[in-house]
Amino acid sequence: MPPVFPMLTVLSMFYYMCLRRRARTATRGEMNSRRAIESNTRALPINVELVQYAKEVLDFSSHYGSENSMSYTMWNLAGIPNVYPSSGDFTQTAVFRTYGTWWDRCPSARLPFKRTPSTFCSQDYVELAFEEPVYPTAVHILETYHPGAVVRILACSANPYSQNPPAEVRWEILWSEAPTKVNGPQARQFTPCIKQINFPTNLIRLEVNSSLLDYYTELDAVVLHGVKERPVLSLKTSMIDMNDIDEEEDEEKFACGMDTLNKQFSILTLREWPTNGYFDKLPYELIQLILSHLTVPDLCRLAQTCKLLYQHCCDPLQYIHLSLQPYWARINDTSLEHLQSRCTLIQWLNLSWTGNRGAISVSGFSRFLKVCGSELVRLELSCGHFLNETCLEVITEMCPNLQELNLSSCDKIPPQAFNHIAKVGSLKRLVLYRTKVEQTALLSILNFCSELQHLSLGSCVMIEDYDLIASMMGAKCKKLRSLDLWRCKNITESGIAELASGCQLLEELDLGWCPTLQSSTGCFTNLARKLPNLQKLFLTANRSVCDTDIEELAANCTRLRQLDILGTRMVSPASLRKLLESCKDLSLLDVSFCSQIDNRVVLELNANFPNVFIKKSFTQ
C-alpha cells in the first residue's frame, strides 16, 4: 500500500540530505550555532562586521602610470580614498592602460581566440590584500571617473600573509556581470550584491572590461565588509540552495558553475550506449565543424556521452587554437598533463593569467611544451608569474616555429633570461610590456629577430639607452609595423631619426610620456615626413607638440586614424581643423588638458566632424 503522505517522505529526505551535508562541512563554532537555533536555549553569538580598506596591491595586469611613480598606478588602490567623492581625472587614482575599442582597431591588434565563453569578458585585473580574513558581506568599489568597467569580483581562500602556503588555492566568484554603459563620468560607490562563500578571505580580485567606456576608468579605493565567523542563516527564513543536494558538486565546481577541468580532462571511462543516434551517419568533417563551436568544458562534458563523440572531442584538430585564460583559476600541472595528448597539433595557445601561486610549476610547463610545442605559432603568457629562465629556454628550444610571444607583465623573469628569445629568429610579434628586459638582451633579440613586425617595450625601465635600441631597430627591423615605447625615459631626436629612416613601414607608434623628446629639435616633423603610413600616433603628455607638428601630420600622414596629444599647450584650434580636414579616416583625437582647446572648441569640432571621437578630459 503506498504511503499516505509521500510528499512528507520526500521533504524529509530532502532536509536530511541538506543537514547531513552542512554537518559534514561545518566548523565546531558553526555546529554550536546550529544547536543554539535548534534548542532555542541560547541566543546567536554577536558577529561584529569588520570594515577594511585594502592593505596592499599584490598583482595587476596593467596600469597607465610609471613603474617608478604613484601617479595613475594600481598602487593607489591601497589604503583610504584619495579622491572620492570628487569626480574627474586625478593622478592619485588607479587607472588601467586601455579603454574603449581603440586598441582593437589599430595595426597591432591581435586576432581573438575562438571558443572563449561568452561569460568571460575580462580584459584586466588587480588583486588586493586586506589585513583580516573575513566572510565577505559587501564589497564597495569607489569609482571616481568613467565608472562601469568592473565585471567580476572574486575571493581567494589563500591568505597572502600566512607563513604556510595552502595545499590548494580556491577562487570563488562573488559577483559577475557583463560590461555596462554608465551614463556620465561622475564618481560613484559601486556595491553589487555578492554571494556568500564558505571560507574566509583577505584576498579580493577585481576584473574589468573597459570596452564600453569613453575614457579611462579611475578607481580610488576598495572597501571589504565582512564577519570573522561564518554567517548562519535562520532555518525559519533561509532558502535551501538546490546545489546543496549534491554532496560533491560544491567542491568540484568552479565559481561560475563549471565542473573541475582536471576531472573532465582525465575521464576515460565511457557509458555504454546502444547507438550513437544519427551522429555516426554524418561525415567526420561535419561533426568536427559542429564541435568547433563548443567551449573547452563543453567538449569535456560531451566526451563522456558516447565513444563516437569521445573520439571527436579528443581529436587534436579540435585544439589547434586553445585559450585557457578564461579558466585561469583552475589550470594547474594536472590540467596540462591531461591536455597533452589532445594538443599535439596546437598552433595557438593562451596561458595568460594562469599558473600563479604555485598552480603551474616550471617542470609541468616544460613537460607540456616538450610534447606540444613543435607546431606552436602563437604563445600568450601574460602575467605568468611562474615563468623563469628555464621556461624561456624551453620555449626557444621546443617551439621552433614560434612567431608571436606575449610576456606582458611577466615581471618575475630575471633580466638575463631574455637572451634566450634571440634564438627564435622567426618571431614577428614580441610583447615585453612591464618586463625586466635589459639592454644587452634586447639588442641581441633585435639583431637576430629581423622578421619582427610588432614590438612592445612599454614601461621597460631597465633599458639604459633607447637611442641605441632605436638605432638597432632602424638597421635590423625593416619590417616593423607597430612599436610601443610608452614611458621610455631617455629616447631623443637622434633615436627617432634612426627609427624613422630605417622603419618606414611603421603604421603605429606610441611615444606617450617620453619626456626627453622636444618638438624644437624637429623630431616630430621628421616622423611625419618619413612615416607616411602612420595610422596611430600617441604623443601623450608631450608639452612641446605644436601647430607645426600637427600641420606636418595633416600634410604627410593622411591615413592617420588615432592621435593622442594630451597635455600640449602649443596646439591651436586652427591646426586641428587642418588635421581633421586632411585625415578623413581619423576616428580618435585626444586633446585632454590641451590649454588652447576648451569645451567650446571641442563642441564646434564635434559638430563639423561627427565621425571623429574628440576627447577632452577634465578635473574638478
Number of positions in segment 474-498 that are small (Gly, Ala, Ser) and either at pLDDT below 95 or open to solvent by 20 Å² or more (accessible area, probe 1.4 Å) (or both): 3
Output for segment 469-502, where each listed residue is of a type in the set (S, T, N, Q), under 19 Å from Ser450 (Cα atoms) and assigned to a helix (DSSP H, G or I): Ser471, Ser501
Test: Arg367 is of a type in the set (Lys, Arg) and assigned to a loop (DSSP other than H, G, I, E, B): no
Near pairs, Cβ below 8 angstrom, 6+ apart or cross-chain, from segment 281-304 (more than 22 Å from Arg330 (Cβ to Cβ)) to any residue that is loosely packed, with under 15 Cβ neighbours inside 10 Å: Gln288/Leu317; Ser292/Lys114
Failed item, numbered, when Asp214 is tested on (1) modelled with pLDDT of 95 or more; (2) open to solvent by 10 Å² or more (accessible area, probe 1.4 Å); (3) more than 16 Å from Met74 (Cβ to Cβ): (1)
Restricting segment 524-558 to residues that are assigned to a loop (DSSP other than H, G, I, E, B) and among the aliphatic types (A, V, I, L, M), the residue that is surrounded by the fewest Cβ atoms within 10 Å (Cβ to Cβ): Ala541
Filter result for Ser122 (more than 30 Å from Ser292 (Cβ to Cβ), at pLDDT 95 or above and small (Gly, Ala, Ser)): no
Residue within segment 139-150 that is aromatic (Phe, Trp, Tyr) and open to solvent by less than 10 Å² (accessible area, probe 1.4 Å) present: yes
Filter result for Glu131 (in the same structural domain as Lys55 (by the TED database), open to solvent by 50 Å² or more (accessible area, probe 1.4 Å) and more than 19 Å from Ala187 (Cβ to Cβ)): yes
All positions within segment 503-523 that are within 23 Å of Gly425 (Cα to Cα), in a loop (DSSP other than H, G, I, E, B) and open to solvent by 10 Å² or more (accessible area, probe 1.4 Å): Gln504, Leu505, Glu507
Candidate set: segment 151-202, residues that are hydrophobic (A, V, I, L, M, F, W, C) and open to solvent by 50 Å² or more (accessible area, probe 1.4 Å); chosen: the one modelled with the lowest pLDDT: Ala167
Verdict on Thr344 being open to solvent by 20 Å² or more (accessible area, probe 1.4 Å), over 28 Å from the mean Cα position of the chain (by Cα) and polar (S, T, N, Q): no
Residues located in segment 394-425, provided they are open to solvent by less than 40 Å² (accessible area, probe 1.4 Å) and out of contact with any strand residue (DSSP E or B) (no Cβ under 9 Å at 6 or more places or on another chain): Val394, Thr396, Cys410, Asp411, Ile413, Pro414, Pro415, Ala417, Phe418, His420, Ala422, Gly425
Test: residue in segment 321-331 that is within 30 Å of Lys428 (Cβ to Cβ), open to solvent by 40 Å² or more (accessible area, probe 1.4 Å), in contact (Cβ under 8 Å) with a residue 12 or more places away in the chain and assigned by the TED database to the domain that holds Gly425: yes
Boolean, Cys391 is assigned to a helix (DSSP H, G or I) and crowded, with 20+ Cβ neighbours inside 10 Å: yes
Subset of segment 206-235 (residues that are of a type in the set (S, T, N, Q) and within 22 Å of Glu172 (Cα to Cα)): Asn209
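The values are calculated or read from the model by the stated rules, or taken from the named source; none is laboratory data. All figures in this text were calculated on a predicted structure; none of them were measured in a lab. Quick reminder, even Gly has a Cβ in these numbers, built from the backbone with ideal geometry, and neighbours come from all protein chains shown. Heads up: the accessible areas ignore ligands, DNA and RNA and are worked out on the full protein's heavy atoms, side chains in. Shrake-Rupley method; radii C 1.70, N 1.55, O 1.52, S 1.80 Å.
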